[in-house]
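Asker: Supplied in structure tokens, the structure appears directly below.
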Amino acid sequence: MKKPILLILLLQICLATTVMAQLEGRRFLSGGIGIDFSNTNPDLVEATNDYSGNINIGVGKFTTQNKAVGWNLSGYLGGQKTLRYVNGQYEPKSGINQYGVGVGRFWQFYKHFNEKIGIYAGPDVNLSFNYKKERLTDQEDVNERKTYSTALSLGVGAGIYYRLSERWWLDASLGFATPFSVGYSKVDNDFIGSNTSSKANQFSYNLSPSFTFPSVGLGLRYFLAD
Amino acid sequence: MRKLILFSSLGILCLVGEVQAQLAKGTRYWGATITSNGQINDEDYESPYKSTNNFVNIYPSLRTGWFFKDNTMFGLDLSPSISFSRSKYNLSGDDSEYKYNGLTVNLTPYIRKYKSLSPKWLLYVHSGATLSYVRTKNTNTNESDFKNGYGAGLNIVPGVAYRLTPRFWLESDVSVFNLNLSYVNFNNTNSVNFRTGLTSQIQQYFTLRAAWYIQKSN
């Protein structure tokens, strides 16, 4: 009596795993965060630092067993503590000095090695907006520069996943490429010393069939209930 | 028993033949890649001063090769680099213009040796001797000034190739190990540069090249 029950149980587990592997039509949320911090502490002057954080959230859906499409939202925030040389002494200044937001569409093509592990790669289109405020020393003058830039880029990314449970996947990016991008920037220069200013409009493009590998970033993916 | 040995060795021969089939003697090779960037910058100052700066850089590369024996190719690479830049300044109605055109033509005869890892992956070692010619033109409002130079170099770099279709491959140099020696004479100034290394840097920036292997039809 025991043996058939065991067998049925085993069969059920097998069935359950095959059901788990069914991805078509399933929706997921994916996300990752990153934090950077660096500190410089020289002998003679006060310490300065740089910090930044980024977050990205994706919403996607498997349209077939091996293909997923979705939207990606990303944002970052950066700040620093710098020293300004004013009237013969250093004066600290700290605060948020840059931020950015982006939205993109992605397509991912999968190769599932087994129940647990697989790889994916695919193209994406991204539109991003960035703001940066910096202080530059320019010919004995201090230039407070504000840059507002908008960029449209075509990229390719690749990654690997590991299935932690039915609902959760661990995601790791492996490499990325940005073969083509176009950007528009508006730059405001404010020369504090001479009390003058200038405005610039910049248009740039970049075509480069290169990729960066490896580029490892970890993220998590959560599958929504059907 | 003899039959078995005969058939198995025939089988091995077939397998070997299949792996090497991509790179048999007489195969023709073509490779191409391009990198380019550019910018237009328009700047207005509060005082009556305006400036416009534009630049475009184009780096195409085209190479061809012949397999003079199995897994070994002799070829030629032509990689010009072209740069244009133009600056215009206007100070209270006074115009001044500055132009720069730069052209470098690199011609590299090379020998490449292949090692097949699987029917889809190939490793290669690429060694070449580069001859280059540099010509720049500076134009300041109406006066032009030409400068010429030449250079020579030796370069060894390994790489990998991946098969997408039997004829079409993607390849990339891997500068984990490379050897580079170059000499440049430009505007009566000589410079010598030597660079080699086994880099420990894991992250790499790879430039992809499209490659075609066209077998001789016989």
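Asker: Would you mind ranking A:Tyr162, B:Tyr124 so that the residue whose beta carbon has the fewest other beta carbons within 10 Å leads the list?
Answerer: So the residues, fewest neighbours to most, are A:Tyr162, B:Tyr124.
Asker: Now, a different point. Rounded, prolate or oblate: pick one for the protein assembly as shown, where a ≥ b ≥ c are the square roots of the eigenvalues of its C-alpha gyration tensor, a/c under 1.5 means rounded, and failing that, prolate if a/b is larger than b/c, else oblate.
Answerer: Here the protein assembly as shown falls in the oblate category.
Asker: OK, next. So how strong a dipole does the stretch A:2-223 carry about its Cα centre when Lys and Arg Cβ are +1 and Asp and Glu Cβ are -1, to the nearest 20 debye?
Answerer: Charge dipole of the stretch A:2-223: 1360 debye, to the nearest 20.
Asker: For the residue pair B:Asn138 and A:Tyr205, what label-to-label distance in nm results when each label sits 7 Å from Cα along the Cα-to-beta-carbon direction?
Answerer: It is 2.9 nm.
Asker: Shifting gears a bit: Distance from a point 7 Å along Cα→Cβ of B:Phe177 to each backbone N in the stretch B:107-145: keep the residues under 17 Å and list them by number.
Answerer: Residues B:112-117, B:123-128 fall inside that zone.
Asker: If you don't mind, there's one more thing I want to ask. Relative contact order for the stretch B:13-147: what percent, with Cα pairs under 8 Å and sequence separation of 6 or more?
Answerer: Value for the stretch B:13-147: 19 percent.
Asker: Nearest 10 degrees is fine. How inclined is helix A:2-20 to the longest principal axis of chain A, computing both from alpha carbons?
Answerer: 40
Asker: Hey, another quick one. Would you mind ranking B:Glu143, A:Glu134, B:Glu43 so that the residue whose beta carbon has the fewest other beta carbons within 10 Å leads the list?
Answerer: B:Glu143, A:Glu134, B:Glu43
Asker: Here's a follow-up. Could you please report the charge total around A:Gly32, scoring K, R as +1 and D, E as -1 over all other residues with beta-carbon less than 13 angstrom from its beta-carbon?
Answerer: Every neighbour counted, the sum reads 0.
Asker: How many nm separate the modelled label positions at A:Asn87 and A:Val103, each set 7 Å beyond the Cα in the direction of the Cβ?
Answerer: Going from the A:Asn87 label point to the A:Val103 one covers 4.8 nm.
Asker: Would you work out the charge dipole size for the protein assembly as shown about its Cα centre, treating the Cβ of every Lys and Arg as +1 and the Cβ of every Asp and Glu as -1, and quote it to the nearest 20 debye?
Answerer: 2780
Asker: Return the sequence-ordered ³J(HN,Hα) values of the stretch B:183-194 in whole Hz as given by the Karplus equation 6.51 cos²θ - 1.76 cosθ + 1.60 applied to θ = phi - 60°, using x for Gly and Pro.
Answerer: For the stretch B:183-194, the Karplus-derived couplings read 10, 10, 10, 9, 6, 6, 10, 9, 9, 10, 9, 10 Hz, x marking Gly and Pro.
Asker: Any idea what the relative contact order of the stretch A:2-223 is, in percent, if you count C-alpha pairs under 8 Å spaced at least 6 apart?
Answerer: It comes to 15 percent, rounded to a whole number.
Asker: Less than 13 Å Cβ to Cβ from A:Asn195, Lys/Arg counted +1 and Asp/Glu -1: what total charge do the surrounding residues give?
Answerer: Around A:Asn195, the surrounding residues sum to -4.
Asker: Now a separate question. Which of A:Val59, A:Val187 has the fewest other C-beta atoms within 10 Å, and how do the rest follow up to the most?
Answerer: The most exposed by this proxy come first: A:Val59, A:Val187.
Asker: For the stretch A:2-223, build the charge dipole from Cβ charges (+1 Lys, Arg; -1 Asp, Glu) around the Cα centre, then report which of A:Ile96, A:Gln139, A:Leu170 sits farthest towards its positive end.
Answerer: A:Leu170
Asker: Another question, if that's okay. Taking the Cα centre of the stretch A:15-97 as origin, work out the dipole magnitude from +1 charges on Lys and Arg Cβ and -1 charges on Asp and Glu Cβ, in debye rounded to 20.
Answerer: In debye, rounded to 20, the stretch A:15-97 gives about 540.
Asker: Further question on the same structure: Please work out the ratio of the alpha-carbon Rg of the stretch B:2-214 to 2.2 N^0.38 Å and round it to two decimals.
Answerer: 1.42
Asker: Here is a further query. Between B:Ser36 and A:Gln22, what's the calculated FRET efficiency when r is the beta-carbon distance and R0 is 30 Å? Round to 0.05.
Answerer: 0.10
Rule-based calculations on the coordinates, nothing more; no lab input. As the structure is a computational prediction, the values presented were derived from the model and not from experiment. Note: ideal-geometry Cβ built from the backbone for every residue, glycine included; neighbour counts use all protein chains shown.
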